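A.B. asks: Just dropping this structure here.
The values are calculated or read from the model by the stated rules, or taken from the named source; none is laboratory data. Since the model is a prediction, treat every value here as computed from it, not as a measurement. Virtual Cβ from ideal backbone geometry, glycine too; neighbours counted across all protein chains shown. Areas reflect the complete protein model, heavy atoms only, side chains present, ligands, DNA and RNA absent. Shrake-Rupley method; radii C 1.70, N 1.55, O 1.52, S 1.80 Å.
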Amino acid sequence: MGGKPIRTGSNPGVSIEDLDPAKSRGEILDLWNSRLGRDFPLDERLLMQNLSRETNRTRCLGAWQGKSLVGFILCKQHTKRLGSEETKSEEGNLSAIVVSPALGRTGIGTALLSRAEADLSSLGVRRLHLGEDTYHFFPGAPADGSEAKALEGFLASRGFEPGALCHDMIGDLGGIDLESLAPKDEGWDGITVGPYGKGDRAALSAFLSRTFPGRWYQDTMEALDAGMRPKDLILMKDGSTVIGFARIYDGESPVLGPGVYWRALMGGSPGGLGPIGVDEAYRGRGLGLRILHESLMALKNRGAAVTVIDWTTHLGFYGKMGFGIWKNYRHYTKDLTQGTRT
Ligand SMILES: CC(C)(COP(=O)(O)OP(=O)(O)OC[C@H]1O[C@@H](n2cnc3c(N)ncnc32)[C@H](O)[C@@H]1OP(=O)(O)O)[C@@H](O)C(=O)NCCC(=O)NCCS
């Protein structure tokens, strides 16, 4: 995305330019929080974590009115392999777009998106997903909250197709009687649950590449290399073989997971959980509920209260531990081969 600044149609005073999001982090945080701060309060730590850890091709554009940033868009192309999956460089993500509320519906969002789409298309991207990127902020378009209607109207007008809903779920471990929700032993001889230990790396890697070979493998191994604390990774084992995992977080976790992204809304002792998964060969024996329960107990024992389980459709499963829906997101995709609409 290089070249000369362009002018947006109905905003002759606004120019669109490449943006270095790390350099302009202060302006991005101000703009984001002026529009989305009520529902998605962004802080520098999360912004910089998600920008600096990403190794997929990332593009950012800013809309400037004089020295004021009045809009930005962050997009990505899947240039990196996720575990053993093929590189999907025809897929891209619209990670975030925000326009100043004072300049809404003056064509700035359209100008940002059009430039980003043209750039991604020229790099070979054929399909754009709203959110869902690695080091994402959103698993889809926020479907409730004060800005949902504007985003929905914008996406519809720009040719995005809506899909299914997914959810963040919430529960207060201070109020849920977790002890009484412990699942019944369904014949679990030899199966243990506990935090990751230094000697577990090879067994964890073998489990993830066997069972969750794509994003969960990649994200988890990258988080280990980025300094994830052993206590933020719960493993279930049969003997010495890893057969399940869950990632958990609190406000002090060195690698922030999506469950604690919006912790400014979650009180003084936030907790987060996800992803969580069990080897297919061990499913149907209550072991998913067991690792979920033990992971929530671990969070509770370290003082976590309001806890969020992110990006899920398994309402009944987490409902068994007293969790309910907090936020809804809708999947959206756009086929870029049909020509960009301006
Ligand atoms: C979505 C957003 C980027 C749109 O930016 P914008 O500059 O106002 O959009 P545009 O002026 O280019 O609007 C283009 C079209 O989108 C639709 N649209 C935009 N805002 C709308 C609104 N508030 N209600 C309904 N439709 C809307 C309209 O069809 C509009 O065309 P029109 O004004 O000629 O009818 C802006 O509203 C925003 O920042 N919202 C919050 C974004 C957000 O939630 N980001 C997080 C997830 S990515």
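A.B. asks: Can you give the relative contact order of the chain as a percent, counting alpha carbon pairs under 8 Å and 6+ residues apart? Each step should come with its number before you reach the end.
C.D. replies: Values: 651 pairs, mean separation 70.6, N = 342.
So the answer I get is 21 percent.
A.B. asks: To continue, here is another question. What dipole magnitude, in Debye to the nearest 20, does the chain give about its Cα centre under +1 on Lys/Arg Cβ and -1 on Asp/Glu Cβ?
C.D. replies: In debye, rounded to 20, the chain gives about 720.
A.B. asks: Please compute the net charge surrounding Arg25, taking Lys and Arg as +1 and Asp and Glu as -1 over other residues with Cβ under 12 Å from its Cβ.
C.D. replies: -3
A.B. asks: Could you list which residues have their amide H under 5 Å from that of Trp311, counting only those 5 or more apart in sequence or on another chain, with H placed in the peptide plane?
C.D. replies: Amide H neighbours of Trp311, under 5 Å, 5+ apart: His167, Asp168, Met169.
A.B. asks: To continue, here is another question. With a Förster radius of 22 Å, plug the Cβ-Cβ distance of Asp225 and Thr313 into 1/(1 + (r/R0)^6) and report the FRET value to the nearest 0.05.
C.D. replies: 0.15
A.B. asks: Let me ask something additional. Hey, how much of the P(r) for the range 274-340 falls beyond 14 Å, as a percent of Cα pairs?
C.D. replies: Summing the P(r) of the range 274-340 above 14 Å gives 69 percent of all pairs.
A.B. asks: Out of residues 5 or more away from Gly71 or on other chains, whose amide H comes under 5 Å of its own, with H placed 1.01 Å from N in the peptide plane?
C.D. replies: HN-HN under 5 Å from Gly71: Ala63, Ser100.
A.B. asks: Taking a temperature of 20 °C and a viscosity of 1.002 mPa s, what whole-number D in µm²/s does Stokes-Einstein yield for the range 56-173 with Rh from Kirkwood over alpha carbon pairs? Numbers along the way, then the final one.
C.D. replies: Working: Rh = 15.4 Å.
Roughly 139 µm²/s, to the nearest whole number.
A.B. asks: Using θ = phi - 60° and the Karplus curve 6.51 cos²θ - 1.76 cosθ + 1.60, what whole-Hz ³J(HN,Hα) does each residue of the range 192-202 get, with Gly and Pro shown as x?
C.D. replies: Going residue by residue, I get 10, 10, x, x, 4, x, 3, x, 8, 4, 5 Hz, with x marking Gly and Pro.
A.B. asks: Starting with the highest mean, order 189-197, 26-34, 167-175 by the number of other Cβ atoms within 10 Å, averaged over the residues of each peptide. Each step should come with its number before you reach the end.
C.D. replies: On the way: 189-197: 14.0, 26-34: 17.1, 167-175: 19.2.
Going from most to least packed, we get 167-175, 26-34, 189-197.
A.B. asks: For the range 50-131, which whole percent of the accessible surface, found with a 1.4 angstrom probe, sits on carbon and sulfur atoms?
C.D. replies: Using a 1.4 Å probe with all protein chains present, the range 50-131 comes out at 45 percent carbon and sulfur.
A.B. asks: Related question: Carbon and sulfur atoms: what percent of the 1.4 Å accessible area of the range 269-342 do they account for?
C.D. replies: Roughly 47 percent of what the probe reaches on the range 269-342 is carbon or sulfur.
A.B. asks: What relative contact order, as a whole-number percentage, does the range 142-246 give when Cα pairs under 8 Å and 6 or more residues apart are counted?
C.D. replies: Dividing the mean separation by the residue count of the range 142-246 yields 27 percent.
A.B. asks: Highest mean first, what order results for 38-51, 235-248 on Cβ atoms within 10 Å?
C.D. replies: Going by the mean number of other Cβ atoms within 10 Å, highest first, we get 235-248, 38-51.
A.B. asks: HN-Hα J couplings of the range 153-161 from phi, Karplus 6.51/-1.76/1.60, θ = phi - 60°, integer Hz, Gly and Pro as x?
C.D. replies: Residue by residue, the range 153-161 yields x, 5, 5, 5, 6, 9, x, 7, 9 Hz.
A.B. asks: What does the charge count around Glu86 come to, taking other residues whose C-beta lies under 14 Å from its C-beta (Lys +1, Arg +1, Asp -1, Glu -1)?
C.D. replies: Net of charged neighbours comes to +1.
A.B. asks: Can you compute the charge dipole magnitude of the range 177-321 about its Cα centre, using +1 on each Lys and Arg Cβ and -1 on each Asp and Glu Cβ, nothing else charged? Give it in debye, rounded to the nearest 20.
C.D. replies: Value, rounded to 20: 60 debye.
A.B. asks: If amide hydrogens are placed 1.01 Å from N in the peptide plane, which non-local residues have theirs closer than 5 Å to the one on Leu19?
C.D. replies: Sorted by chain and number, the residues that satisfy this are Cys60, Leu61, Gly62.
A.B. asks: Another question, if that's okay. Go through Trp262, Ala102, Gly140 and say which Cα lies farthest out towards the positive end of the charge dipole of the chain; charges sit on Cβ, +1 for Lys and Arg, -1 for Asp and Glu.
C.D. replies: Going by the charge dipole, the pick is Ala102.
A.B. asks: While we're on this one: Using each residue's phi in the range 13-23, evaluate 6.51 cos²θ - 1.76 cosθ + 1.60 at θ = phi - 60° and report the 3J(HN,Hα) Karplus result to the nearest Hz, with x for Gly and Pro.
C.D. replies: Rounded to whole hertz, the list is x, 10, 10, 9, 9, 4, 10, 8, x, 5, 5.
A.B. asks: Then there is this: Relative to 2.2 N^0.38 Å, what does the C-alpha radius of gyration of the chain come to as a ratio? Two decimals please. The partial results should precede the final answer.
C.D. replies: On the way: Rg = 21.1 Å, N = 342, 2.2 N^0.38 = 20.2 Å.
Relative to the 2.2 N^0.38 Å estimate, the chain comes out at 1.04.
A.B. asks: Another question, then. At 0.36 nm per residue, minus the direct Cα-Cα distance, what do Thr87 and Asp185 gain on full extension? Give it in nm, one decimal, please.
C.D. replies: 31.1 nm
A.B. asks: Using the heavy atoms of the protein chains alone and a 1.4 angstrom probe, what is the accessible area of the chain per residue in square angstrom? Intermediate results must be reported in sequence, preceding the final value.
C.D. replies: Working: 14710 Å² over 342 residues.
Normalised by residue count, the accessible surface of the chain is 43 Å².
A.B. asks: While we're here: Once a ≥ b ≥ c are taken as the square roots of the eigenvalues of the Cα gyration tensor of the range 177-321, is the result rounded (a/c under 1.5), prolate (a/b larger than b/c) or oblate (a/b not larger than b/c)?
C.D. replies: Oblate.
A.B. asks: What is the packing order of peptides 132-139, 256-263, taking the mean over residues of other C-beta atoms within 10 Å and listing the highest first?
C.D. replies: So the order, starting with the most tightly packed, is 256-263, 132-139.
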